[in-house]
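Structure first, then comments.
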Amino acid sequence: MRKRQVVVRREEQPRSSTNSSMTIRSVRYGECQKNHATGVGGYAVDGCREFMASGEEGTAAALTCAACGCHRNFHRREVEAEVACDCSSPPFSNGT
């Protein structure tokens, strides 16, 4: 089962404008990049292909990978962003 963290942020234009946009970011954590051989001067990774949380969201266990035991920060962070724009502009007025 894949766990995803979704962050929703609304960015608004200055108050003089009526345009607004919303950015939806989907964050996924990929393969583990922790070097397990730094003590001997080498380079070796454990082969964990994707982060799987050990516990429920909001707990300390949610930051530990169930597959390799590493912290989530050792896994490659992949951010997918989607921007939705509500480009409604006021009707054109010629001043008559």
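The values are calculated or read from the model by the stated rules, or taken from the named source; none is laboratory data. Computed from a prediction, not measured in an experiment: that's the story for all the values here. No Cβ is skipped: glycine too gets one built from the backbone with ideal geometry, and neighbour counts run over all protein chains shown. The protein model used for the area step is the full one, side chains on, heavy atoms only, and it has no ligands, DNA or RNA in it. Shrake-Rupley method; radii C 1.70, N 1.55, O 1.52, S 1.80 Å.
The simple spin-label model puts a point 7 Å past each Cα toward its Cβ; for Ser54 and Val27 those points are separated by 1.9 nm.
With θ taken as phi - 60° and the Karplus curve 6.51 cos²θ - 1.76 cosθ + 1.60 applied, the whole-hertz 3J(HN,Hα) list for the range 51-64 is 6, 10, 5, 7, x, 6, 4, x, 9, 5, 5, 5, 9, 10 Hz, x standing for glycine and proline. Taking every protein chain into account, the accessible area of the range 22-84 amounts to 63 square angstrom per residue (probe 1.4 Å).
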